[in-house]
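The values are calculated or read from the model by the stated rules, or taken from the named source; none is laboratory data. Fair warning: this is a prediction, and the values are worked out from it, not measured in the lab. Here the Cβ positions follow ideal geometry from the backbone for every residue, glycine too, while neighbour counts run over all protein chains shown.
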């Protein structure tokens with residue numbers, strides 16, 4: 001027994017036993033802090049970059065029909081947006097007429113007339129999906145993990161809601177997951193599904209639609225904005241069952257979009273269960289709502305990467321504060337989605353769409369930022385109403401930068417060479433993505449004046465501060481938070497990520513010796529997976545912790561223990577040839593949250 005770790009590990013295993021199955025890589029009863037040698041995220045082949053496409057909800061809600069969807073799909077092709085990557089055409093809530101007595105779903109053929117098939121009780125989406133596939137597009141659809149859907153609860157006066165008895169109107173997947181997914185992916189040949197969670201959150205016995213007898217009560221698994229009162233294990237289990245069925249019937253490229261709004265500890269497990277994870281409530285067509293979506297996503301760089309993306313919701317471009325009359329707001333909206341590596345799902349009527357909107361969302365340099373193959377989400381730096389977000393791109397020395405003014409008055413915003421990871425005093429090229437032109441080369445910093453409610457999107461190429469090292473802070477897509485040290489009782493509020501880049505979980509900067517330091521901040525009793533792919537020789541860091549609790553740190557390379565240390569003691573571990581490096585921090589936390597810790601100055605060398 002070294003450093004007295006065995007007793008601590010046993011207590012940690014007991015505290016975190018709820019999450020012993022969360023990564024999909026742990027056997028029953030195994031200590032969740034034990035190394036697995038796996039980078040345990042969902043099917044990367046399904047969404048190697050953030051999905052792009054169109055969804056009718058923002059334009060039509062449930063008042064949609066096949067002609068509108070087909071017309072918008074054709075417009076994607078005719079405008080050239082499909083060739084630029086907008087290839088998913090997703091129908092949303094409202095398509096299901098009822099659940100039949102054999103458990104299958106019947107399509108609303110008044111909405112989708114091509115679904116009428118002779119001698120079929122359910123109808124078939126094959127003519128519809130064949131049409132989309134014939135255009136070179138992908139087809140998406142909608143469901144819910146509960147018995148009923150979101151529109152049934154929150155759009156009760158809208159058209160095209162399910163019909164029939166209480167049981168027949170239960171068109172959500174609860175109790176029918178395997179059969180629904182076989183029908184949707186195996187028979188109808190869809191490529192993508194968005195699965196909401198209103199059915200396990202919003203049908204409590206005390207709400208009027210349930211008290212009136214229109215819907216059956218469902219004891220909620222999600223208590224909105226109250227994670228300790230929720231049941232994250234049950235929510236995760238429902239999505240896990242669906243994910244398994246989707247891979248069986250849809251194959252490795254089928255996309256699962258999880259829509260649990262960041263509730264029920266979704267940041268921890270959603271990346272293991274699906275390809276997209278909604279981080280916020282539905283976006284509305286106003287600036288304040290967009291800020292809420294940004295704030296729920298922008299600190300989550302360690303929870304996104306190829307195959308698993310944070311989703312701040314569909315784009316509201318073309319509506320409200322983001323329409324043609326508000327070009328600065330629309331450009332800022334798209335800028336922030338691109339820098340956050342968010343899915344780009346359009347929601348305005350594409351049939352006869354104004355060319356300025358098509359040009360905005362079709363800007364090839366913006367798309368290149370969003371779709372950068374490294375998959376790193378940008379890392380934010382805040383100063384008052386301004387935000388600077390830095391994203392490491394795949395090309396050597398390349399960065400994307402968003403300079404964002406949240407406020408109603410003009411201001412300036414700056415990105416520094418320290419934030420970019422460039423060598424002090426070195427020069428860099430600078431390009432304005434929206435203007436699609438080069439700017440003057442810069443040294444040490446770039447400062448821009450921003451109009452109210454606006455943003456600039458830049459790309460820079462410079463000289464790395466240390467050509468021999470790769471800081472973990474610059475490659476968050478290669479980092480996966482397998483265990484974050486928290487339980488449902490000690491979880492942070494919805495929208496707060498327990499692991500951050502260059503910051504502690506409370507948002508304070510990582511500091512060592514009174515000076516800012518880069519790295520990864522989170523809680524003790526955590527396990528972090530780093531996808532190394534055999535590219536690196538050494539891992540170096542100086543672990544630090546808050547408070548007086550003793551914390552021990554372990555580094556594993558393909559499950560072999562290669563370093564062990566205490567707070568403040570430098571680590572220099574041989575990880576030569578390792579596919580996966582795992583960083584474990586152990587502390588005795590009692591009944592509360594463990595101490596906050598950081599792997600400061602964490603870096604890999606070749």
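Return the only residue of 191, 202 being surrounded by 14 or more Cβ atoms within 10 Å (Cβ to Cβ) and farther than 22 Å from residue 61 by Cβ. Spell out how you get there, then give the answer.
Values: 202 fails: farther than 22 Å from residue 61 by Cβ.
From the options 191, 202, the qualifying one is 191.
Residue 227: outside the structural domain of residue 494 (by TED's automatic domain parsing), at pLDDT 95 or above and over 19 Å from residue 149 (Cα atoms), yes or no?
It is true that residue 227 is outside the structural domain of residue 494 (by TED's automatic domain parsing), at pLDDT 95 or above and over 19 Å from residue 149 (Cα atoms).
Can you tell me which residue among 347, 318, 362 is surrounded by 17 or more Cβ atoms within 10 Å (Cβ to Cβ) and at positive phi?
Numbers: 347 fails: at positive phi; 362 fails: at positive phi.
Being surrounded by 17 or more Cβ atoms within 10 Å (Cβ to Cβ) and at positive phi holds for just one of 347, 318, 362, which is 318.
Out of the residues in segment 101-149 that are part of a strand (DSSP E or B) and free of Cβ contacts under 8 Å to residues at least 40 places away in the same chain, state the one that is surrounded by the most Cβ atoms within 10 Å (Cβ to Cβ). Spell out the reasoning first.
Within segment 101-149, the subset part of a strand (DSSP E or B) is 105-107, 138-144.
Narrowing further to those that are free of Cβ contacts under 8 Å to residues at least 40 places away in the same chain: 106-107.
On the way: 106: 20, 107: 22.
Here the answer is 107.
How many of the residues making up segment 553-574 are crowded, with 17+ Cβ neighbours inside 10 Å and outside any strand (DSSP E or B)?
Qualifying residue count, segment 553-574: 2.
For a quick check of your reading: which strands (runs of 3 or more DSSP E) sit entirely within segment 299-401 and have at least 1 residues that are closer than 30 Å to residue 416 by Cβ and at pLDDT below 95?
On the way: elements: 309-311, 344-346, 379-383, 386-392.
Of the strands (runs of 3 or more DSSP E) lying wholly inside segment 299-401, none has at least 1 residues that are closer than 30 Å to residue 416 by Cβ and at pLDDT below 95.
Among the listed residues 379, 390, identify the single one that is in contact with a helix residue (DSSP H, G or I) (Cβ under 6 Å, 6 or more places away or on another chain) and free of Cβ contacts under 8 Å to residues at least 40 places away in the same chain.
Just a single option satisfies the conditions, and that option is 390.
Could you list, in sequence order, all residues of segment 215-236 that are part of a helix (DSSP H, G or I) and free of Cβ contacts under 8 Å to residues at least 40 places away in the same chain? If you could, list the steps in order and put the result at the bottom.
Residues of segment 215-236 that are part of a helix (DSSP H, G or I), as a first pass: 227-229, 232-236.
Within segment 215-236, 229, 234 meet the criteria.
Would you point out which residue out of 527, 489, 500, 531 is in contact with a helix residue (DSSP H, G or I) (Cβ under 8 Å, 6 or more places away or on another chain) and crowded, with 24+ Cβ neighbours inside 10 Å?
That would be 500, the only listed residue that is in contact with a helix residue (DSSP H, G or I) (Cβ under 8 Å, 6 or more places away or on another chain) and crowded, with 24+ Cβ neighbours inside 10 Å.
List pairs: first in segment 525-538 and outside any loop (DSSP other than H, G, I, E, B), second surrounded by fewer than 17 Cβ atoms within 10 Å (Cβ to Cβ) and at pLDDT 95 or above, Cβ under 6 Å, 6+ apart or cross-chain?
538/605
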